[in-house]
1. What is the chain's relative contact order, in percent, from Cα pairs under 8 angstrom and six or more apart in sequence?
2. Which far-off residues, 5 or more places away or on another chain, put their amide H under 5 Å from the one on Ser112, with H placed in the peptide plane?
3. Could you give the accessible area per residue of segment 108-267, probe 1.4 Å, as a whole number in Å²?
4. Relative to the longest principal Cα axis of the chain, at what angle does helix 20-34 sit, 0 to 90 degrees, rounded to 10?
5. Would you mind checking which residues have amide H under 5 Å from Phe183's amide H? H placed 1.01 Å from N; only 5 or more apart, or other chain.
6. Carbon and sulfur together cover what percent of the accessible area of the chain at a 1.4 Å probe radius?
7. Relative to the longest principal axis of the chain, what angle (0 to 90°, nearest 10) does the C-alpha long axis of helix 52-63 take?
8. Is the chain best put as rounded, prolate or oblate by its Cα gyration tensor, with a ≥ b ≥ c the root eigenvalues, rounded for a/c under 1.5, and otherwise prolate when a/b is larger than b/c, oblate when not?
Amino acid sequence: MKFLILSLLALSSFTVHSTPAGDSQALRDFYQQQFPSIAFSEYADGVYAFDADSKAAWLAINEFPPYEFSLEIGKTLFNRPFSNKAQYADCFPNKGIAIAQLYPYWDETKQSIITLASAINDCRLKNKLPALAYESDEITYLMAYMADTSRGLLINTRLPESALSAYERGKAYFYQRRGQLNFSCASCHVDNAGKFIRSEILSPALGHTTHWPAYRLKTGKLGSLHTRFKVCNRLIRAKVHKAQSTELRELEFFLSYLSNGLPMNGPSIRK
């Protein structure tokens, strides 16, 4: 109990009075102290970094992933010309290939966070097409294909000075207790990471943005990171923000910055 109290006190000290680089290093140090046998790169695997048997089963499933058909649809959608003969590739650097690790990013001109999902819809609007619903299969499959082209590349979320306020709001959201259960994101994914809740292991905050979209065995379909954010808020009986809301974009931005240097491995499979 004494160790847990000291750990929580240490966490509270760096979540309030530190730089983003300090936040990142303190969180990595905390996990290193808690789980010395887990290498930093393994946090890209989420809960599977904590249990060798579960990881072996997960790797076996990934040999013939159940999202493979959805991935093919995403590739077809990505390469299908619009009515004006343009394509999604025309809207992105490097034709949209191997760039997912750079999202989300801070747009200096718009003074806002651009996620991969919002960039896809910006492309559509630029080409006079209606925006896709942010939790639709179509946009999820497109993100899955683009993420797959970045598999193995390292997350590189840059944080210019003009984005500090957005980062701090995302950080505050992560650590703020809310809902009828009075939980924060950190309650599960920092304070109790690696521990069991019923029969499931709680994942660490490091690596939370590496593997999306993820195929959930529970639902039998691919889903986005923002959909998962919504589920978590619903479970603690808190206000549920819409996918791609400002609040959830800022949360993604904060978590992605913390995961800088981890390899992308999405789309992936989670329970």
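1. 24
2. Amide H to amide H, under 5 Å and 5 or more residues apart or across chains, Ser112 pairs with Asp107.
3. 45
4. 60
5. HN-HN under 5 Å from Phe183: Arg178.
6. It is 57 percent, rounded to a whole number.
7. 0
8. Prolate is the answer for the chain, as a/c is 1.5 or above and a/b outweighs b/c.
The values are calculated or read from the model by the stated rules, or taken from the named source; none is laboratory data. Since the structure is predicted, the reported quantities are computational estimates derived from the model, not experimental observations. In this analysis, Cβ positions are derived from the backbone assuming ideal geometry, glycine residues included, and neighbour counts consider all displayed protein chains. Protein only, heavy atoms only, side chains kept; ligands, DNA and RNA dropped before computing areas. Shrake-Rupley method; radii C 1.70, N 1.55, O 1.52, S 1.80 Å.
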